[in-house]
Structure formats: C-alpha cells, structure tokens
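The values are calculated or read from the model by the stated rules, or taken from the named source; none is laboratory data. Since we're looking at a predicted model, the values are computed, not measured. Here the Cβ is made from the backbone with ideal geometry for all residues, glycine too, and neighbour counts use every protein chain on show. These accessible areas exclude ligands, DNA and RNA; they are computed on the full protein's heavy atoms, side chains included. Shrake-Rupley method; radii C 1.70, N 1.55, O 1.52, S 1.80 Å.
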Number of protein chains: 2
Amino acid sequence: MRIGELSRRTGVPVPTIKYYVREGLLPPGELTSPNQASYDETHERRLRLVRALLDVGGMRVAEIANVLAAIDDPARPLHKVLGAAADPLGTAHDEHEDTEAASAHAVVADLVSRRGWQVHESNPAAADLSKALAALGRLGHSAFVEVLDTYADAAEQVARADLAYVARCVAVEDMVESVVIGTVLGEAVFSALRRLAHVDASARMYGTDGSKEHETS
Amino acid sequence: MRIGELSRRTGVPVPTIKYYVREGLLPPGELTSPNQASYDETHERRLRLVRALLDVGGMRVAEIANVLAAIDDPARPLHKVLGAAADPLGTAHDEHEDTEAASAHAVVADLVSRRGWQVHESNPAAADLSKALAALGRLGHSAFVEVLDTYADAAEQVARADLAYVARCVAVEDMVESVVIGTVLGEAVFSALRRLAHVDASARMYGTDGSKEHETS
DNA sequence: GGATAGCGGATAGCGCTACTATCTACTTCA
DNA sequence: TGAAGTAGATAGTAGCGCTATCCGCTATCC
C-alpha cells in the first residue's frame, strides 16, 4: 500500500501523514525505491490510534510521540508517560506553595494512605489531584473533599474493570497498547457517561425533562 | 480595588486581566473616572474561577465565556453549554456515518434506555460517547462495551454524590456556578483518581511497587 | 505643585501547535 | 509518452492565549 491508499483508508490527508512521520507518530514506510515506500496494516492501525488519541483523547502530538515510543520500547516507564498524558495540567511544578495547595497535598496524602494505595507520591496524577483540590479550595469549595471517597470508590471500580478487561480480552503482545487505549479513551468514555448521569440525576431531582433549561431560574 | 491589586491578589498579570475583560470572561470594573475603574471581590472570585476552568479544567477561553454567560443569565440552557464544555471532541457533527459510528450509536441508545436515563439523545455527551466508542471499535476494542455498565454504575455514583453535595453545601444563588465548578473540576479530580487507582490496581495485580516500570517487558 | 507610579483603552505582535502548501526530482502505470 | 502519484524538504497558515507598547490621563506622595 502506498501513502495515497493509506490516506484514503483512514481519511487522513497525505501531507498530514507525512507530518506524523516527521514527528515520530508513525514509522516511515519501507522504501522500495529512492522515492517510493510501502505501508501495511500496522501503519494503518497506528494511524487510527494516533487520530483517536488526538481527536477523542485530546492529547497533543508531542505527548502521543512519547506514549508511542513507550509502546514500542518496553524498557520505557509507561506509567510516567501515561501520567503526563491526556491531562490539561502541565507537569510544570510551581514552587509557590500557598495555603490551599498545602492543605490539598495533605488531603491527597491522607486519601492515598487511608486507601492503602500503592502509589508513589511523585506520581503526576497525585500532583494533578492536588492542583484540582487546591483550585476548588480557592473557590470556596473545600467541602468537596467530603465526596472524595465516593469518587475514589468509583475510580477503583473503574480501574478494576479496566484491568480485568485487559487481562481477559487482550493478547500479551498488545497489552501495553491496550493499556494506553483504555486509559486515554476510557477517560473520554467515562467523562461522557458522567455528564449523561448528571443530566439524568438532575432531571430526577428537579424535573422530568432531560433536555430542559436548568431549573434554578 | 484597582486592577493592580486584583492582579497581585490572584497572580494574574494585568494585561491578561484586560484580555479577559475584552473576551467577556470578566465584567469590566466600575468606572470612577474616565480612566479609572474599581474592582471588587466578585471580580476576584470570577477571575479565580476563570483560571481554574482554564488551568485545571482545560477549557478554552471561548467556552468559558459561554459558560459564564450562562451562569449570569439564568435563561440560558446550561446543560447544553456544559455539554459542549471541557471536552476535546468538538461539537462538529460529521455526517459521514461508517459502520463503527453506527454500532456505537446503537450501543449508546441501548445503554441509555436500559438504564432508564432521562436524557435527550441530542445531548452532546451522548455524541461524545458514541465517538469514543466508535474510535475504540476501529481499534479492535469493540469488546470494551462489556465494561460500559461498570463505567455507568460508577458514573451514576459520582453524579449522585455531586448532586447531593450541591444540594447540601451550596446556597441557592450560587447553585449554577457550583454545578459548573463541580462538573468541570470534578472531572479533573476523577481523572486523577482514576489514574491513581490504575497504578494501584496494576501494582496489586502484577507487582508490588507503585513506581515500577511497566511489567510486560 | 511637581514628580512618579499607575490606570484604561487600543492595537500590534509573539510563541506555540497542528497542520497545509509548494517545490523538486523521481517512479509508476495506462 | 505522459498524467498521476511519491518521497523528502522547506515554508507558510490559522487559531489560541496571551504579551508588549503606546497614549492620554489620574492618583498619590513629598
């Protein structure tokens, strides 16, 4: 298959494919001549993965390059790469510690130890959690920590389901890739489900019409 | 308070505050002279909210302007605005229906009716869910639908907790704003918790070190 | 009252990201 | 043989979230 057919099959424009190859998102095709290369189904699949991570997962090109490098090189620490991926909160660690940030850190540490989570505290997800809780605190919503355990229950439930799915349905050689897909696309799935559940719960509590204007007017 | 103090209190540079005012994220200060204006705590709070939605929630400036307009104008349909907010999947509805998209739609419709969710099918969250499931299908993960109910259970749990929190802790006049905060920042909180739970579950299943390299090597 | 700092308002520019357009020399295939 | 396609390279684009600069004015301190 040449690049044109790859483009036709996936709907990705040819120059974009070339761009992805340049950025390391896609391995180059195998050269059959100095200016002809052939691509196969692995390229097609990888390309679809890239588009899914971009369009659905909201990841950036550089992050995707990182994650794909980890997929292709089993020696790379996937969890760190994944930790930094797909989050709007940059890894930029601000040194300025205010009150809210400090108490948010304490809340996170408490939560992790109370749950017995085997998570190193340097995990970027913990930092993201602190950041979110600190922002909530600054907005006068420190009481949000009261629902944290409910959130954590749900998160554990989801995480167990994810692992069971991967263990059950996936060949070992595809496992790393599947973890990436599950982590990134699973987040999009859950996010949508949560918004649907919000609408439903809100309809049950305040009204009966799921498409109504909001009810506080 | 003048703009300089607002800037000092929130850490947001003065030109950025002016930019936010231009973009409608922040109401202009009350003019006391042709070129002097005064800001109060409502501006400060609003500014913090804007930064939280930007930095933690990952929303875009235009989306935030939308959502804030809905907060300030109770006649606006908040759920639609919120539906479009904070998701990487644009509202751009592609007309091209392939196999995966069709079956994803069917799965979503089935899920909604099976759960008895009172959600109009035009809800953007439903479209996002379809898109994510279609992408999963295209990557050979149609079997992911098997965990959908577990996801939906968790989502309902979270949604109930959110509503209870808002009903319990928030004055009526702040309710709309709190819903926005809970929806957007709550997503960031859950996302971080999910990643932490993944690491923990993975450590329990395959190893004991939460900071280890991934175990498939 | 004069110096200095800050202000509102406006316009222009910057750095980044994800492409997109164009060009050249070459290959494939009808 | 000739139109279409290709690899690889370089340059340009659109949008986003700021950021820099300038102007004429004002508040404040001594």
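Rolling a 1.4 Å probe over the protein heavy atoms gives the protein assembly as shown an accessible area of 46 Å² per residue. The simple Förster model, with R0 at 60 Å and r as the Cβ-Cβ distance, assigns B:Asp149 and B:Arg22 a FRET efficiency of 0.80. Per-residue ellipticity at 222 nm computed for chain A from its helices equals -20000 deg cm²/dmol, with DSSP H segments shorter than 4 residues left out and the rest contributing -39,500 (n - 2.57). Rounded to the nearest 20, the Cβ-based charge dipole of region A:166-205 about its Cα centre (Lys and Arg +1, Asp and Glu -1) stands at 360 debye. Surface burial for A against B, with a 1.4 Å probe and both sides summed, reaches about 8800 Å² of accessible area. Largest GNM mean-square fluctuation among A:Val199, A:Val166, A:Val112, using chain A with Cα springs under 10 Å: A:Val199.
If you take the Cα centroid of region B:146-162 and the Cα centroid of region B:1-28, the two points sit 39 Å apart. Distances, shortest first, from the label point of B:Ala164 to those at the same position in the other copies read 2.3 nm; the point lies 7 Å along Cα to C-beta. Working note: Karplus 6.51/-1.76/1.60 with θ = phi - 60° gives region B:98-110 the couplings 9, 4, 4, 4, 5, 5, 5, 4, 4, 4, 5, 4, 4 Hz, where Gly and Pro are set to x. Here the average projected area of the convex hull drawn through the C-alpha atoms of the protein assembly as shown stands at 22.8 nm².
Using a 1.4 Å probe over the heavy atoms of the protein chains, calculate the carbon and sulfur portion of the accessible area of region A:146-188 as a whole percent.
Ligands and nucleic acids excluded, carbon and sulfur give 53 percent.
Scanning chain B for the Cβ atom closest to the axis that brings B onto A yields residue and whole-Å distance B:Ala154, 2. Averaged over the residues of A:114-127, the number of partner chain Cβ atoms lying within 10 Å of the residue Cβ comes to 5. Work out the charge dipole of the protein assembly as shown with +1 on the Cβ of Lys and Arg and -1 on the Cβ of Asp and Glu about the Cα centre, then indicate which of B:Val108, A:Val119, A:Thr99 is farthest towards its positive end. Toward the positive end, the furthest listed residue is A:Thr99. Here the label points at A:Thr32 and B:Ala167, each 7 Å from Cα along the C-beta direction, are separated by 6.6 nm in the simple model.
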